[in-house]
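A quick write-up on the structure given underneath.
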Amino acid sequence: MANIAVIGTGYVGSVSGACLADFGNRVICVDSNADKIESFKKGIVPIYEPGLDAVIERNIKAGRLMFTTDMAFAIRETNVVFIAVGTPPAEDGGADLSHVEAAAREIGQLINSYTVVVNKSTVPVGTGSKVSAWIRGELEKRKLDIPCDVVSNPEFLREGSAVFDFTHPDRVVIGSDSGRARELMKEVYRSLYLNETPYIETNVESAEMIKYASNAFLAVKISFINEIANLCEKTGANVQDVAKAMGKDGRIGSKFLHAGPGYGGSCFPKDTRALARIGRDAGEVQNIVETTIKANESQKLRMVRKIEDALGGPGSVTGKTIAVLGLAFKPNTDDMRESPAITICGELIRSGALLRLYDPAAMKEAAWRLESFRGAVCFASDEYDALEGAAALVLLTEWNQFRNLDLVKVKKLLALPFFFDFRNVYKREEAEKAGLRYFGVGKR
Ligand code: UDX
């Protein structure tokens, strides 16, 4: 089993650290944020991720997992160092690597023996060699020649099922040119390796590209079905039937063919923009990805137009109250990063609507993200409270709790009977039977 340090206890770092410990490794998680570390030590997990607290507690108790702010200690005790710091989008659409650089330099200042540095953060293709150079630069300043290999090991975690995804991955990708580093990585992932999880070894650049290409492909798939949905509305086809039949083709597959209000989250928007940037910088414009980015933006705005059109055309939402259910970018998370709800709520408010909002987990997050619209939003106590006196119900995130609404009650609570089901959770017939005027995505 390996001795591992994980730098950064954000989403990726905390899940990776906890699960690597669960595999039997000894893991030290480091973060400069002392409050965060104190919270983890007490077993309080500052992010909403089902099951993560139990994994952390179990591994702290077993003595395999610890949290510290002491980077020197973490580096001294370990020979595999994961970089899992944030790579927020830079202004030019690329990724801001300043935290990665700071971590790499610190590693270079601290290592005393052979170390494998593993890049877990999503970084542009070519960052692996930059990380090597930053570490070597610091070693040169120390006049030391300590061997060190950089490995790219991208994550494919979905928020809400990150623990499961980490422990049951479709594949593990290891990018490295060093045999020594590859052997050590096999130790790190020993339990998966022995379980015959597909284990792909390649060079650093390919591993970095795999991450972007995978996420961009999924984003393309969603945008593709969203555009087909828009065409279905014009032609009388039903996108759910279309997607179902398409998905039965083994070459296409049924996943990520759910039409909706556009994709959001911490990965797809950021990674598609970063890939577009990498393409432009390399003189190989990624047309399909660039179009996907635009299609996703217009999908969100299209939802606003749909509401306005149904209520009577431009300006029709002015002064009306609209109930919005679901603010997180997807169910089972409190994360609202790039959530379609932000754009859609913002546009409705700009058009003069007043919003009654409810989300099972993202209310705290929404309070600050929608702070600038304070006068126009009201936070409801549950899904039915949100409907009280509203002219329309807009369902934006398919939380389980919204899948079984009592539609007769919904109709009674609403002032006007408009139901915009932008996740296609309900059947038109059931909504109409309850007296609602139903609008889905990609079906008449
Ligand atoms: C994604 C990838 O799935 C994961 O592999 C990667 O490492 C990180 O990004 P995540 O962002 O957590 O994970 O969520 P995901 O479940 O993939 O959903 C992304 C967005 O796409 C959500 O806004 C979701 O609502 C939307 N989506 C997804 C659709 O609109 N339709 C679909 O068919 C699938």
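The values are calculated or read from the model by the stated rules, or taken from the named source; none is laboratory data. The model shown is predicted, which means the values in this text are computed figures rather than measured ones. Neighbour counts run over all protein chains shown; Cβ positions are idealised from the backbone, glycine included. With ligands, DNA and RNA removed, areas are computed over all heavy atoms of the protein, side chains included. Shrake-Rupley method; radii C 1.70, N 1.55, O 1.52, S 1.80 Å.
Points worth noting:
- Between region 49-123 and region 323-400, the Cα center-to-center distance that results, in Å: 34
- Share antiparallel - DSSP beta bridges, the chain, percent rounded to 5: 5
- Converting phi to 3J(HN,Hα) with the Karplus coefficients 6.51, -1.76 and 1.60 and the offset θ = phi - 60°, region 336-341 yields 10, 4, 6, 5, x, 4 Hz in sequence order, with x at every glycine or proline.
- Residue ranges 291-303, 308-320, 387-399 sort as 387-399, 291-303, 308-320 when ordered by packing (mean number of other C-beta atoms within 10 Å per residue, highest first).
- Residue among 171, 356, 403 with the largest mean-square fluctuation in a Gaussian network model of the chain, springs linking Cα atoms under 10 Å: 403
- Candidates 179, 326, 160, ranked by Gaussian network fluctuation over the chain, Cα under 10 Å, top entry: 179
- Burial order of peptide ranges 98-105, 18-25 (average beta-carbon count within 10 Å, highest first): 18-25, 98-105
- What you get for region 268-439, charging only the Cβ of Lys and Arg (+1) and of Asp and Glu (-1), is a dipole of about 320 debye around the Cα centre.
- Taking label points 7 Å from Cα along the Cα-to-Cβ direction, residue 291 and residue 79 give a separation of 5.1 nm.
- Within the chain, helix-based [θ] at 222 nm, where runs of 4 or more DSSP H residues each add -39,500 (n - 2.57), nearest 500: -14000 deg cm²/dmol
- Note on surface exposure: 141, 41, 270, 411 rank 141, 41, 411, 270 by accessible area, highest first, 1.4 Å probe.
- Distances between placed amide hydrogens fall under 5 Å for residue 65 paired with 27, 60, all partners being 5 or more residues away or on another chain.
- Relative to the dominant Cα principal axis of the chain, helix 127-141 is inclined by about 40°.
- For the chain, the Kirkwood radius over C-alpha pairs fed into Stokes-Einstein at 10 °C and 1.306 mPa s yields D = 68 µm² per second.
- Rounded accessible area of residue 378 (nearest 10 Å², 1.4 Å probe): 50
- Choice from 13, 236, 43 showing the highest fluctuation, given a GNM over the chain with Cα pairs closer than 10 Å: 236
- The order of the peptides 64-71, 425-432, 180-187 by mean Cβ neighbours within 10 Å, most packed first, is 64-71, 180-187, 425-432.
- Ordered from largest to smallest accessible area (heavy atoms of protein chains, 1.4 Å probe), the residues 420, 439, 164, 379 come out as 164, 379, 439, 420.
- The angle separating the long axis of helix 98-110 from the principal Cα axis of greatest extent in the chain is about 20 degrees.
- Degrees between helix 11-22 axis and first principal axis of the chain (Cα, 0 to 90, nearest 10): 60
- Accessible area in the full protein assembly, largest first, 1.4 Å probe, for 232, 148: 148, 232
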